[in-house]
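Okay, so here's the structure we're looking at.
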Amino acid sequence: MPPPESVDARRTLLVVSVAAAMTTMDITIVNVALGAIGVDLDASFGQLQWVVNAYPLLFAALLLAGGSLADRIGHRRVFVTGVLLFTGGSLLCGAAPEAVSLIAGRCVQGVGGALIMAAAVPLLVRAHPGERRTGAIGVLSATAGVSAAVAPVIGGALVSGLGWRWVFLVNLVPGVLVVLGARRWLAADDPAGRRRLDLPGTALGVLTLGATNLVVISGTENGWASARTVVVGLVALAGLAAFLVVEVRTTDPMLDLALFRVPAFAGAGALSFLTRAVGFGTMPYLVLWLQGVRGQSALDAGLQVVALPAAIVVGSLTVARVQRRLGARGTVVVGFAAMAVGYLPLTRIDESATWLTALPGLALIGAGMGLLFAPLMNLSVTVVPPRHAGMASGTANSFFPLGTAVGVAVFGAVLAARIADLFPGSGPARDLVEAGRPGEVSAPDDVLGRIAFTGALSTVAWVAAAAAVIGVVVALTTVPSRRAAAVAPPARADADRA
């Protein structure tokens, strides 16, 4: 019979892994439902972007704050609160009568997801001492990878069989079970110390991120020189300036800016952001192409893009072997190079292309991403002083979902701008084309709409490939070589706080 502490550790791993699977799946599962959501709720292009973006934006913005809160009031309490919020947000999404309510539900999901992941790793660390800790965190990472891989298939099946609302309602039963398991099996909280939550920094961070994303969406819908876009841009700049001032002056900041004086840490953050922006930022528009131009069902579209998350899992399982041969810098360079090459087949998409045109590219993009996650997370933690390891890990985790949200917004802006150049129509007709529904445009503009959308998608692929090449350059200039990592002492933040 296994010792009681072993049983408790396994139960902790089970509860935390199920919660992590839920939060990871909801980042991408919504992509295959966008077409049905747009039709059922009459959602605009900008609203569809916010349906995708609201969750990862708040998730990223609140990870560090959630970690501070968990240290202050207890990891189990924050974890359970996060699951309750995430499950409640899923119910709001599933019952949403219109797009604004759906976006609000996604915001609640984002807050809950951040609290879950902020407490997840500390809970595992406490339950798995010594060498078992690495294995437990590995299981958590693998669970997240598998969840991303199956999300399009599950989402497509739910949309086709039960309707898009079940993409969110499917979280209700697991959410309740996780709460019950957490209250019964997770160790009771015993906070070692009290830390003041950086409320001004948190509020300013959320303001800055939200305003930045709104600038891109407003620029797409209203023009980059419109009054609304300019005003929101000024709000974003003012929020960023205030955030930097507050974080420099506070004694216990949400984000210690001194860490970014370590070149490898700054590079790892930028590369983490770029990984998700380039890898996942184009996916909603590929799904819209499959459904709106190719006429595929949600299930078929989910199956046809599953090559990307499946390849992520394969890359994640082989990354340790690759890194032993190439080192961290070589592995990261290969990962971004694979993504750049993977986008080349997608540049050939036109109105007659099928999903087979994109298949090899999706596999390469996914494999490249799988080679990037672990080395970048490890680099973020190992190049800073040990007392900053938790903050470094939280910062790196924040960049991943933030990259997805900003990537969706930026590539959406590229897509819309290119459609404006290629499609002669305007008003509602152009809105339908931008939303990936050119088949609903009256003839003969429906044919022109398909040509415009696929031409714009090809342009998006070229931009994404160029961004991946930038990733190669940043990796070569910031990630330490194998020799430098072997001989150099641990890096220190230049302005460590007393």
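Some points to look at:
- Size descriptor, Kirkwood hydrodynamic radius, that averages inverse alpha-carbon separations across the stretch 224-342, Å: 18.4 Å
- Size of charge dipole - the stretch 193-340 - debye, nearest 20, with Cβ of Lys, Arg +1 and Asp, Glu -1, no other charges: 520 debye
- Heavy-atom surface of the chain, accessible at 1.4 Å and reported per residue (Å²): 41 Å²
- Each of Met25, Met117, Gly88 was scored by the projection of its Cα onto the charge dipole of the stretch 1-119, and the greatest displacement toward the positive side belongs to Met117; charges sit on the C-beta of Lys, Arg, Asp and Glu.
- The chain - percent of accessible surface contributed by carbon and sulfur, probe 1.4 Å: 67 percent
- Cα-projected label distance for Leu180 with Thr251, points at 7 Å along beta-carbon direction, nm: 4.6 nm
- On the beta carbon distance between Ala443 and Thr354, with R0 = 25 Å, the FRET formula returns roughly 0.65.
- Measuring max minus min along each principal axis, the C-alpha atoms of the chain give extents of 68, 48, 47 Å (largest first).
- Overall, the anisotropy analysis places the stretch 50-118 in the oblate class: the square-rooted eigenvalues a ≥ b ≥ c of its C-alpha gyration tensor yield a/c not less than 1.5, with a/b not exceeding b/c.
- Along the axis of the charge dipole computed for the chain (Cβ charges of +1 for Lys and Arg, -1 for Asp and Glu, origin at the Cα centre), the listed residues Gly439, Gly455, Leu63 are led at the positive end by Leu63.
- Protein-only accessible surface order, largest first, of Met369, Met117 at 1.4 Å: Met117, Met369
- Listed residues Val383, Val306, Asn397: farthest to the positive end of the dipole of the chain (Cβ charges): Val383
- Segment Ala238-Asp42, length gained on full extension (0.36 nm per residue, minus Cα span): 67.2 nm
- Taking the Cα centre of the chain as origin and assigning +1 to Lys and Arg Cβ atoms and -1 to Asp and Glu Cβ atoms, the resulting dipole is close to 1720 debye.
- DSSP H segments from the chain that extend 20 Å or more along their own axis, Cα-based, with Kyte-Doolittle mean of 0.5 or above: 4-28, 45-73, 75-94, 99-127, 132-161, 199-222, 227-249, 263-280, 307-346, 355-370, 389-422, 445-478
The values are calculated or read from the model by the stated rules, or taken from the named source; none is laboratory data. This is a predicted model, so every value here is computed, not measured. Don't worry about glycine lacking a Cβ; one is built from the backbone with ideal geometry, like all the others, and counts go over all protein chains shown. Surface areas here come from the heavy atoms of the whole protein model, side chains and all, with no ligands, DNA or RNA. Shrake-Rupley method; radii C 1.70, N 1.55, O 1.52, S 1.80 Å.
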